[in-house]
Structures are given as structure tokens and as C-alpha cells.
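A.B. asks: I'd like to ask you about the structure that follows.
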Amino acid sequence: MTNPLQLMCTQQIIEQFAPEQHNLLNILHALQDNHPQNYLTEQALDDTARYLGLPKSSVYGVATYYTMFSLVPRGRYIVRVCTSVVCELHKAGRVIGSLENMLGITTGETTPDGMFTLELSECLGQCQDAPSVMVNEKVYNNLDDNRLAEIIHQIRGSQKTANR
Amino acid sequence: MIQETRRVLKNIGKINPESIDDAIRAGAYDGLKKALSVQPADVINELMGADLHGRGGAGFPAGMKQKFVSESCMHCPQRYVVVNADEGEPGTFKDRIIMEQDPHLYLEGTIIAAYAVQASKGFIYIRGEYHDSIRKTRVAIKDAYKKGLLGKNILGSGFDCDIEVKLGAGSYLCGEELTMLESLEGKRGNPRIKPPFPAEKGAFGLPTLVNNVETLANIPFIIAHGKAEFRKLGTEGSPGTKIFTISGRVNRAGHYEVPMGVTLQELIDLAGGMSEGKPFKAALLGGAAGTFVDASMLEEQMSYDNLKKKGATLGSGAVIIFAEGDPVVEALHNCLRFFRHESCGKCVPCRTGTAQLVKSAEQLRNGHPDKKALLEQMIRESTIMAATSLCPLGQSPVLPLKSAASYFSRELTEIK
């Protein structure tokens, strides 16, 4: 996970790309990934619009269209539960319930410590080992309650070490 | 019992996907070398002779598509190749396997396709959630440049081609080729009116070849070994192999490459049979935008032409298996919810229709005084949506709905 001290400023990130509209999605991904709260700030959208010479409304329109982008702060870790027909067959509903219990939040919310946001996702393409969740860039498969608890515990532990 | 025949997946698990030297030792870029030694038209003719059908879902002949692009707008300054790697059809993960485990294979296919249509620029549009695919494809591209397989004057042939990766951001609809082009240009994923097709007006308004990852991954074999060799497997109408992704109630869910034309039962056997020994009930072929079938289809050949004749679809190659005891209404509800979430909202019939269908599916599940009439109404509504929506999303709900109704109408309409 990104250390806030290593964060690049918005402008530096944007300028890695040519100022052409077709780079918009790649830029938004880079900006969001760089933010410790996994979201696109208003400033980031404004800077992007200016750099690409686009109306703010176009950039806002794109940022709000795609499921992966968020305009509100989220946790350091985005937990995406796959709700596809295959995962549902393998009790994805139970995975959601267990995660809500373990994290003490409902789907769509962020834990008070800012660690986790719980989201739902369409098919993650991991159907061979359903049910699946994705935590930031990492995929976890064949989940049951024990495995879920282990994953959450592991991430919390690694964060504590990182903060020490 | 049937065995896998790995052509596209021949290197899976045998090479380090992040080593171009490994890939080259396993034969990568032999097809490209051969392609560059002949005329672009010869490459297209070979593909047309092989009768390779697009593996993304629509099954359109790949050689013909190339021919259209190569003959389109001779005065245009630029042509493009766009790789559709926005795999999102529920139950489908064949492209992910190729991208994660043998990225040079489809990259080679992409460069050959670019040469065939004389496109000097290519984009690979990968869904944003496929982080591993994105990373490995980027490594493959970087290494290909270093080896002179991309960039200026590829392998001394005089042909130039640059390729870059574009990221999706969580929109199923962007897997539809014209919508993908909108997204690629940095816009919202709203579909375009067609015609014009991408061959005429694609990316940035210029002629564009759009191909799926698995389609492109078949090209190196065809060029390296010839169309006759390619056609040795598969059926007359659907030559070659297909990667099926089998999931649900089977013992060994996973990806299996077999000749086109194997039966549904053979696929289930290949995947280790039904889990917990439960009897087979239904299969959803081709994902959410696919069709349900029942046990009467177990001995049918899985090929584009045969399934089409039977009113079913092969689609992306997703095969989701349900056992006795799995309610069809739940699967149907899930598919309809998916469409509601992914509808872009541009066409009113799709925007309101997908939401209405979910409500109806809930009534179908939770209780309704006349389920028979309700199901008929849902089919009627989805038929209207299909006729009045611009893109395949609004045209899709009718597929699972109608097929579920035709095979499982008693279960769906019984009053508990």
C-alpha cells in the first residue's frame, strides 16, 4: 500500500501522460491509486480537466460513469465481493454477510478507522474457485468464514507493522 | 473420455509469462516472422481459409473482418487495431488465463493482425479489475520493443507498429466494441449507433479492427502451421479449438481447451463430473447474455453453428452448471440484476426495462398471483427492449429469459 510520504502530487502524476483525451481513464486510475483514501478529489478532477483541455463536466461525467472510480473518500483497502451468478451459487451472499459482521459496516460503507470499504462487484472472472473477493489488487478465492477472518486479520496486522 | 487439446493454451504452466526468452523458446513470434515474409493480403487469405470465428461471443469470421478493415478508406491517414480484453461476461475467464500466463501469444496475434490490415497503431483495452493481466501485458509489450518485435521496422520488414495498454474501469458495456471505442477515446461508455461499423469508422473515426484476446491468440498457429492444419480440429462450420470456462456444480471448475463440437456432457466429464454426485439440471451457456438449456441438450455439439440451430448460444464459452435443487429463478434474477447495474441509461427501454425486469423477477421468486402471465409479460418486455435498444446490452435480457421460460416454465410459474 502506498505510504503517504511517498505520494506524488497530482500534477506530477498527470504529466506522465500526453495531454490527450484518450488518456483520461488511465490518468484517473493513476490519480485514484495514488490517493491513500482511494478516491478522486475535486482538485484532481479540475487539474485533469485543465491539463487535457476538457470541460470539467466531461471529466466529471467520465469519473462518475465508471464503477471503479469514487468521488468520496474510501478506505485504504477496497474489498470487492464478486456477486456473479457463479459466486452466488457458491454462497457469495454469505461472504457479504460475514464481511459486514467482521468489519462492522454494511456494504458501501467504510470502517471508522479508514481501513476498509466494502463494495460489491460484477464477475471478477475467478469462477473456477468461487466465491471470490478482491482486496485492492489482490484476489482471494475459495472463501469461507475462516479464510475471510484470516485475510482481514492479516491486512490489519500488516498495517500495524507498517505504521510502527 | 475426451481429453483436452491445447493449442492456444499450449504454453500454460510451462513458461514464465514474464520472460520473452521463455516464450520465444516455446515458438512465440514464429508466426509473426512468417507473416512478415508474405503480403498482408496473404495473411488475410490464410485466415479466411481457416474460417476462424471471433471468440469473443459474436462468432463473426475473423478473416472477413480483417478484409473489411484492410479495404476501408484507402485515403485515411491511420488504421487501428484494438484488442478487446474487457472480459466481463459472467462465468468467463479464458482471456484472463491467456493474458496472465502467455501474454506474448496474443501480443503476437495482435501484431500479425495489425500487419494484415496495415495498422501502425494498436490499443489493448483491458478491464480495470484484471491487475495481473494489465501488468503482464505491459511487461510483454516492453520486452517485445526491446527485441524489435514492436516499434519501427519490425524485424527489418519495414512495417511499423506501436501498441499501448488502455484501462477499463468497471463497465461491462465497454466490452461491446463500439462502446469500447468511446471509452478508449476517454469518454463515458455509451454505445454508438451502428452502422458505421468499426471497420469503417472506429477509434477516432478511423478504420479499426477490433478483436477479442482469444481470437488473436489463435492467429499465430494459423499463420505458422497453415489453415489446413488449423481446420483438422473442430467442425466444418466451426473449425479449431475453443477455450471453455466451466463453473458451478462441477468437481473441477476451470478452463478447458477442446475442439469445437464436443458435447456438453463431455465438457462436464472433463470438469470432473457433477459435484457431490448431484444430477444435472441446467447449464447457462455464454454467461448472462447467454441461454439456459436443460438435460435434453447434453448430447448436443458445442459449436457456433449447431447451438445456433438449436436456439442456444456458445457466446464467450462460459458454461455454468446447475444441479437439481438450484432454483432457476435465482440464476435468472442474478442475470437480470447484472443487466440493470450495467445498463448505461442511454436508451430508455433498456434503462427502465432492466429495472422493471428485476422487479418482476423478484415477484416471480417471492410470490405473484399469476406467475404465468408475469413470465409472459417479462418476455414481451424484453423482446421490446431488444428491438428498441441500440446495443447488445438491451438486446440481451431476452436471451436468458426466453430460454429459461422455454425449458423451465413449470418451475418458474408454479405457485408455492
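A.B. asks: Run down B:357, B:314 and say which single residue is in contact with a helix residue (DSSP H, G or I) (Cβ under 6 Å, 6 or more places away or on another chain), under 28 Å from residue B:56 (Cα atoms), touching a residue at least 24 places away in the same chain (Cβ under 8 Å) and assigned by TED's automatic domain parsing to the domain that holds residue B:245.
C.D. replies: Just a single option satisfies the conditions, and that option is B:314.
A.B. asks: Go through B:353, B:311, B:317 for me and flag whichever is within 13 Å of chain A (Cβ to nearest Cβ) and closer than 29 Å to residue B:193 by Cα.
C.D. replies: Exactly one residue qualifies, and that residue is B:317.
A.B. asks: Of the residues A:25, A:45, A:31, which single one is assigned to a helix (DSSP H, G or I), in contact (Cβ under 8 Å) with a residue 40 or more places away in the chain and either in contact with a Gly (Cβ under 9 Å, 6 or more places away or on another chain) or within 14 Å of chain B (Cβ to nearest Cβ) (or both)?
C.D. replies: A:25
A.B. asks: Moving to a separate point now. I want to confirm something. Restricting to region A:106-126 and keeping residues that are touching a Leu at 6+ places or on another chain (Cβ under 6 Å) and more than 26 Å from residue B:87 (Cβ to Cβ), which single residue is farthest from the other protein chains (Cβ to nearest Cβ)?
C.D. replies: Among those that are touching a Leu at 6+ places or on another chain (Cβ under 6 Å) and more than 26 Å from residue B:87 (Cβ to Cβ), it is A:111.
A.B. asks: Please go through region B:119-147 and give me each residue that is buried (at least 22 other Cβ atoms within 10 Å of the Cβ) and either in contact (Cβ under 8 Å) with a residue 60 or more places away in the chain or outside the structural domain of residue B:165 (by TED's automatic domain parsing) (or both), ordered by number.
C.D. replies: Within region B:119-147, B:119, B:123, B:140, B:144 qualify.
A.B. asks: Could you list all residues from region B:281-294 that are of a type in the set (A, V, I, L, M, F, W, C) and within 14 Å of another protein chain (Cβ to nearest Cβ)?
C.D. replies: B:282, B:283, B:284, B:285, B:288, B:289, B:292
For (1) of a type outside the set (Asp, Glu); (2) within 14 Å of chain A (Cβ to nearest Cβ); (3) buried (at least 24 other Cβ atoms within 10 Å of the Cβ), each residue gets a yes or a no:
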residue: B:61; (1), (2), (3): yes, no, no
residue: B:96; (1), (2), (3): yes, yes, no
residue: B:102; (1), (2), (3): no, no, yes
residue: B:108; (1), (2), (3): no, no, yes
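A.B. asks: Also: So in region B:203-262, with the set limited to residues that are within 14 Å of chain A (Cβ to nearest Cβ) and of a type in the set (Val, Ile, Thr), which one is surrounded by the fewest Cβ atoms within 10 Å (Cβ to Cβ)?
C.D. replies: B:250
A.B. asks: Within region B:11-61, which helices (runs of 4 or more DSSP H) (wholly inside it) include 1 or more residues that are under 21 Å from the mean Cα position of the chain (by Cα) and farther than 22 Å from residue B:244 by Cα?
C.D. replies: B:40-50
A.B. asks: Report the residue count in region B:322-331 for those that are at the interface with another protein chain (Cβ under 9 Å from one of its Cβ atoms) and in contact (Cβ under 8 Å) with a residue 40 or more places away in the chain.
C.D. replies: 3
A.B. asks: Sticking with this structure for a sec: Return only the number of the condition from (1) surrounded by 24 or more Cβ atoms within 10 Å (Cβ to Cβ); (2) away from chain A (no Cβ under 13 Å); (3) aromatic (Phe, Trp, Tyr) that residue B:172 does not satisfy.
C.D. replies: (2)
The values are calculated or read from the model by the stated rules, or taken from the named source; none is laboratory data. As the structure is a prediction and not an experimental result, all values here were calculated from the model. We place every Cβ from the backbone using ideal geometry, glycine too, and count neighbours over all the protein chains shown.
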